[in-house]
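Following: one structure in structure tokens, then a few remarks.
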């Protein structure tokens, strides 16, 4: 509105998620024969590791959904049934890829 003032950017802060809540996502997942590992780094950072790639930091976006911090447009959605995670889905521009949680 004011031509002499720079545009104001509003950045949405990710909702905080308690470590006890993050722990339900931790585990190994089977992605068509590839073992995907989800773990907690420190006290509050959820990470995902896919063999042959770097570890990805996950940033809370919505309930049971996280964005990859360094990859805009990429996210992970966890399927939760009766407060237990049964699978995760990588949401990417080139498709969705689901991995079942190993027992």
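Please treat every number below as a calculation from the coordinates, not as lab data. All values derive from a computational prediction rather than experimental measurement.
Would you work out the relative contact order for region 19-101, in percent, from Cα pairs under 8 angstrom that are 6 or more residues apart?
Numbers: 166 pairs, mean separation 18.2, N = 83.
The value is 22 percent.
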So what is the calculated 222 nm ellipticity per residue for the chain, using -39500 (n - 2.57) for each DSSP H run with n of 4 or more, over all residues, to the nearest 500 deg cm²/dmol? -500 deg cm²/dmol
Restricting the calculation to Cα positions, tell me the Rg (one decimal) and the Dmax (whole number) of the chain in Å. 16.0, 60
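How far, in nm, would the chain grow between residue 20 and residue 41 when pulled straight, counting 0.36 nm per residue and subtracting the alpha carbon separation?
Numbers: separation 21, 0.36 × 21 = 7.56 nm, distance 1.31 nm.
Extra length available between residue 20 and residue 41 comes to 6.2 nm.
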